[in-house]
Amino acid sequence: MGRRNDARDDAVHTPAEPPAEVTHDRRWAGDLRSSIRCAAVLLALLLLIDWGEGTLTALRGALWAGLGVLLFLVLYPPRVSAGEGWLASRGLLRKRRVRTDLLVSVRCLDGVSQRLLLRDMFGVRVEINPQVLVNNPELWRRLDEDAQRSAASGSLTCGATALRKVSERIDRETALTVFKVSGLD
């Protein structure tokens with residue numbers, strides 16, 4: 001009688017490679033809860049005001065619910081994770097994954113909120129908030145190591161200044177935290 005699951009049996013008995021270390025944004029869950037709370041408070045206030053005025057109808061309630069959902073979608077924080085050679089940002093609709101060991105450019109985009117734009121050799125682009133890197137030293141360490149690897153290989157042609165600014169910001173925030181914890185602020 002022949003064995004039907006030879007491939008499966010071989011896979012079970014073959015020693016597996018250890019899983020690669022993946023680092024996630026530690027504050028993502030709190031940010032998600034905050035966005036849910038903001039949307040819920042707005043919805044509750046709009047419904048309460050409308051009910052207090054005596055103008056609440058099913059149509060107006062649906063409109064306020066739609067406005068609450070829209071606020072949640074705007075405030076939804078992307079989930080940032082990184083592993084050896086890559087950084088990913090997952091939003092509600094899509095996930096972008098850039099090869100950090102093959103970076104071509106890193107740029108700081110100023111505006112209402114500062115963003116860090118990473119682009120790799122394959123044209124994939126990921127935008128992240130630099131505060132995520134400040135709040136998660138493990139993510140910054142992973143990105144910095146891979147960016148240095150990209151610079152050493154010559155693929156990173158634009159971005160040394162942006163990375164230096166982020167590094168200085170992280171060092172400043174770390175020093176302030178140490179001073180606060182030690183009571184020297």
- Which of the following residues is open to solvent by 50 Å² or more (accessible area, probe 1.4 Å), part of a helix (DSSP H, G or I), free of Cβ contacts under 8 Å to residues at least 24 places away in the same chain and out of contact with any strand residue (DSSP E or B) (no Cβ under 7 Å at 6 or more places or on another chain): L93, L47, L67? L47
- Message: Condition check: within 23 Å of A29 (Cβ to Cβ), free of Cβ contacts under 8 Å to residues at least 60 places away in the same chain and surrounded by 14 or more Cβ atoms within 10 Å (Cβ to Cβ). Does V80 satisfy that?
- Response: yes
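Per-residue answers, yes or no, for (1) of a type in the set (A, V, I, L, M); (2) modelled with pLDDT of 95 or more:
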| residue | (1), (2) |
| --- | --- |
| H24 | no, no |
| R33 | no, yes |
| C38 | no, yes |
| V41 | yes, yes |
- Task: Filter the stretch 104-116 down to residues that are part of a strand (DSSP E or B), open to solvent by 10 Å² or more (accessible area, probe 1.4 Å) and within 20 Å of R90 (Cβ to Cβ), then give me how many there are.
- Result: 2
- Given (1) among the hydroxyl-bearing types (S, T, Y); (2) modelled with pLDDT under 90; (3) touching a helix residue (DSSP H, G or I) at 6+ places or on another chain (Cβ under 7 Å), number of the condition S150 does not satisfy: (2)
- Give the stretch 117-160 a look and list any residue that's closer than 18 Å to G83 by Cβ, open to solvent by less than 50 Å² (accessible area, probe 1.4 Å), outside any loop (DSSP other than H, G, I, E, B) and touching a residue at least 24 places away in the same chain (Cβ under 8 Å), or say none. L118, V126, I128, V132, L133, L139, W140, R142, L143, D146, A147, S150
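The values are calculated or read from the model by the stated rules, or taken from the named source; none is laboratory data. Nothing here was measured: the structure is a model prediction, and the numbers come from that model. Every residue, glycine as well, gets a Cβ built from its backbone with ideal geometry; the counts of neighbours run over all protein chains shown. The protein model used for the area step is the full one, side chains on, heavy atoms only, and it has no ligands, DNA or RNA in it. Shrake-Rupley method; radii C 1.70, N 1.55, O 1.52, S 1.80 Å.
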